[in-house]
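Peer 1: First, the structure itself, so that you have it in front of you.
The values are calculated or read from the model by the stated rules, or taken from the named source; none is laboratory data. Model, not experiment: these values are computed from the prediction. Quick reminder, even Gly has a Cβ in these numbers, built from the backbone with ideal geometry, and neighbours come from all protein chains shown.
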Amino acid sequence: MTDLSRPDTIPRTAALSEAKPEAIAPPLWLLAELTYRCPLHCVFCYNPTNYTDHSRELSTAQWIDVLREARALGAAQLGFSGGEPLLRDDLEVLVGEARQLGFYTNLITSGIGLTDARLDALKAAGLDHIQLSFQDSTQELNDFLSSTRTFDLKKRVAASIKAHDFPMVLNCVLHRFNLPHVDKIIDMALAMGAEYLELANTQYYGWAHTNRAQLMPTAEQLQEAEAVVNRYRKETGERCKIFFVVPDYFETRPKRCMNGWGAVFLGIAPDGAALPCHTARSLPGLMFPNVTETPLREIWYESDAFNRFRGFGWMKEPCRSCDEKERDLGGCRCQAYLLTGDPANADPVCDKSPEHERVVQVVRAAANRAPEQPLVKEQPVLFRNDANSRRLASAPDGHPPDHPVSRGDRT
Ligand code: SF4
Ligand code: SF4
């Protein structure tokens, strides 16, 4: 297995030399992760588990430079995310700048801090869209999963968003605990007037990977939830578009992750690190350039980090000679690393991967537990907070002794 503890050991393949600037399309999406700070403590948070190692934040002026450079590159869709972006009191200034530059802007928020005054200011600044997250349709589970008492506040915020006439996406991350509530979650979204409902089955990165044994559903739970979603889709039609994607652990081909590494997505972390996907920081051996030191154009077209997995030259077997490689691009590099220890391997979700059994074992372990038998008592979930982040950052292999690596992980 490749030694990933050394930065120079991910093979520098032909991808770098093949990836000439004129062959690379400009970015379409810019995700501005304004801060890793967040008042919530979600057990499935996609932020890096060691986010406390990256607490520096770009200034307002530095973010404005990022927006200008990204727009000049061609980016058109902009998400303000975090952490909780409302913790930045310059959010309205950044939205105003983005609007002037011609971005379509989306605020991705937990809703905490979204007062009427801020909604007025964001409206005046030209914000186009708001994505509001809920953890569940019940107060009990919503508040448990975020380790806060925020359910009632979120409901009030949803009403205020609609009163301010913003288009609203309601987002709910799905897993073992709330999949049986899918009908109630849809009812809640309809009652709130959401135009879109994103039922986002958990992707097992960051904190969700740490809590995977507790969160992983059964295949039956997913099938039942999907049947409910399809029934509602017929009933609601265009009134509310419902998105539901089966988690890839239950598939035999991987997702076309980010539509390709360095293809359309450009993420900027709170400290200015430029990322080809928001979990790329979990990959060892890649130096992510910082917008405070390198122009964005150079980062996108010329940096090793953005070129490393472009094209096909980096692929190993079985992807290298696979006739499906143009469809899925070998899947997700972060998932390949998390499950096999080598980001250049085939995503082990693929049943052509020699490591596919690792995924099968995780699904089998979930099936062997009755859905009504949560693991929380046997092995508590780790909430996303600063103390746990420091423990995970300092623990060998990122897993503290009382929260060991679950079966199916890399060895
Ligand atoms: S997933 Fe939860 S904890 Fe993580 S940034 Fe979003 S609201 Fe905050
Ligand atoms: S072997 Fe690689 S390219 Fe082929 S289907 Fe599997 S992941 Fe995709």
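Peer 1: If we scan the range 221-231, do we find a residue that is under 21 Å from the mean Cα position of the chain (by Cα) and not charged (D, E, K, R)?
Peer 2: The answer is yes, given that some residue of the range 221-231 is under 21 Å from the mean Cα position of the chain (by Cα) and not charged (D, E, K, R).
Peer 1: For the range 109-131: of the residues being free of Cβ contacts under 8 Å to residues at least 40 places away in the same chain and within 25 Å of residue 207 (Cβ to Cβ), which is surrounded by the most Cβ atoms within 10 Å (Cβ to Cβ)?
Peer 2: 130
Peer 1: Under the condition of being part of a helix (DSSP H, G or I) and crowded, with 17+ Cβ neighbours inside 10 Å, which residue from the range 303-333 is nearest to ligand 2 (Cβ to nearest atom)?
Peer 2: The residue in question is 328.
Peer 1: Would you kindly identify the helices (runs of 4 or more DSSP H) lying entirely within the range 196-270 that contain at least 2 residues that are at pLDDT 95 or above?
Peer 2: Working: elements: 206-210, 212-215, 219-236.
The qualifying helices (runs of 4 or more DSSP H) are 219-236.
Peer 1: Across the range 20-45, which residue is nearest to ligand 1 (Cβ to nearest atom) among those that are in a loop (DSSP other than H, G, I, E, B) and surrounded by fewer than 19 Cβ atoms within 10 Å (Cβ to Cβ)? Before the answer, list the steps.
Peer 2: As a first pass, look at the range 20-45 and keep what is in a loop (DSSP other than H, G, I, E, B): 20, 24-28, 34-45.
Of the ones still in play, those that are also surrounded by fewer than 19 Cβ atoms within 10 Å (Cβ to Cβ) are 20, 24-26, 28, 37, 39, 41.
Numbers: 20: 37, 24: 30, 25: 29, 26: 28, 28: 23, 37: 9, 39: 7, 41: 6 Å.
That would be 41.
Peer 1: Sticking with this one: For the structure I just gave you, tell me whether residue 191 is more than 14 Å from residue 110 (Cβ to Cβ) and within 14 Å of ligand 1 (Cβ to nearest atom).
Peer 2: Values: more than 14 Å from residue 110 (Cβ to Cβ): yes; within 14 Å of ligand 1 (Cβ to nearest atom): no.
No: the conditions fail for residue 191.
Peer 1: Pairs, please: C-beta under 9 Å, at least 6 apart or cross-chain, first residue over 12 Å from residue 41 (Cβ atoms) and in the range 135-154, second in a loop (DSSP other than H, G, I, E, B) and hydroxyl-bearing (Ser, Thr, Tyr)?
Peer 2: Close Cβ pairs satisfying both conditions: 142/148; 142/150; 151/138; 154/110.
Peer 1: Something else about it: Residue 361: more than 16 Å from residue 260 (Cα to Cα) and either buried (at least 17 other Cβ atoms within 10 Å of the Cβ) or more than 16 Å from ligand 1 (Cβ to nearest atom) (or both), yes or no?
Peer 2: Working: more than 16 Å from residue 260 (Cα to Cα): yes; either buried (at least 17 other Cβ atoms within 10 Å of the Cβ) or more than 16 Å from ligand 1 (Cβ to nearest atom) (or both): yes.
It is true that residue 361 is more than 16 Å from residue 260 (Cα to Cα) and either buried (at least 17 other Cβ atoms within 10 Å of the Cβ) or more than 16 Å from ligand 1 (Cβ to nearest atom) (or both).
Peer 1: Is it the case that the range 166-173 has a residue that's closer than 23 Å to residue 114 by Cα, in a loop (DSSP other than H, G, I, E, B) and not hydrophobic (A, V, I, L, M, F, W, C)?
Peer 2: Of the residues in the range 166-173, the ones closer than 23 Å to residue 114 by Cα are 166-173.
Add one more test, that the residue is in a loop (DSSP other than H, G, I, E, B), and what stays is 166-167.
The next check asks that each one be not hydrophobic (A, V, I, L, M, F, W, C); those that pass are 167.
Scanning the range 166-173, I find at least one residue that is closer than 23 Å to residue 114 by Cα, in a loop (DSSP other than H, G, I, E, B) and not hydrophobic (A, V, I, L, M, F, W, C), so the answer is yes.
Peer 1: Residues that are farther than 29 Å from residue 347 by Cα and buried (at least 18 other Cβ atoms within 10 Å of the Cβ): does the range 192-207 have at least one?
Peer 2: Let us first name the residues in the range 192-207 that are farther than 29 Å from residue 347 by Cα, namely 192-196.
Keeping just the survivors that are buried (at least 18 other Cβ atoms within 10 Å of the Cβ) gives 192, 194.
Yes.
Peer 1: Additional query: Surrounded by fewer than 22 Cβ atoms within 10 Å (Cβ to Cβ) and over 28 Å from residue 365 (Cβ atoms): does that describe residue 224?
Peer 2: On the way: surrounded by fewer than 22 Cβ atoms within 10 Å (Cβ to Cβ): yes; over 28 Å from residue 365 (Cβ atoms): no.
Criteria not met by residue 224.
Peer 1: Let me ask another. Find all pairs meeting these conditions: Cβ atoms under 6 angstrom apart; at least six residues apart or on different chains; first residue within the range 81-92 and in contact (Cβ under 8 Å) with a residue 12 or more places away in the chain; second residue more than 16 Å from ligand 2 (Cβ to nearest atom) and of a type in the set (Lys, Arg).
Peer 2: 83/37; 87/37
Peer 1: For the range 12-48, which residues satisfy the criterion of being at pLDDT below 50 and either within 16 Å of ligand 2 (Cβ to nearest atom) or of a type in the set (Gly, Ala, Ser) (or both)?
Peer 2: 13, 14, 15, 17, 19
Peer 1: Being in contact (Cβ under 8 Å) with a residue 40 or more places away in the chain, in a helix (DSSP H, G or I) and within 27 Å of residue 277 (Cβ to Cβ) narrows it down to one of 161, 185, so name that one. Break it down into steps so the answer makes sense when it comes.
Peer 2: Numbers: 161 fails: within 27 Å of residue 277 (Cβ to Cβ).
Among 161, 185, only 185 is in contact (Cβ under 8 Å) with a residue 40 or more places away in the chain, in a helix (DSSP H, G or I) and within 27 Å of residue 277 (Cβ to Cβ).
Results for (1) touching a residue at least 60 places away in the same chain (Cβ under 8 Å); (2) over 18 Å from the mean Cα position of the chain (by Cα), shown as yes or no for each residue.
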| position | (1), (2) |
| --- | --- |
| 35 | yes, no |
| 50 | yes, no |
| 56 | yes, yes |
| 107 | no, no |
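Peer 1: Within the range 334-359, track down each residue that is in a helix (DSSP H, G or I), under 15 Å from residue 283 (Cα atoms) and more than 11 Å from ligand 2 (Cβ to nearest atom). It would help to see each step written out before you state the result.
Peer 2: Within the range 334-359, the subset in a helix (DSSP H, G or I) is 334-340, 356-359.
Within this subset, residues satisfying the condition of being under 15 Å from residue 283 (Cα atoms) are 334-340.
If the condition is that a residue be in a helix (DSSP H, G or I), under 15 Å from residue 283 (Cα atoms) and more than 11 Å from ligand 2 (Cβ to nearest atom), then 334, 337, 338, 339, 340 are the ones that fit.
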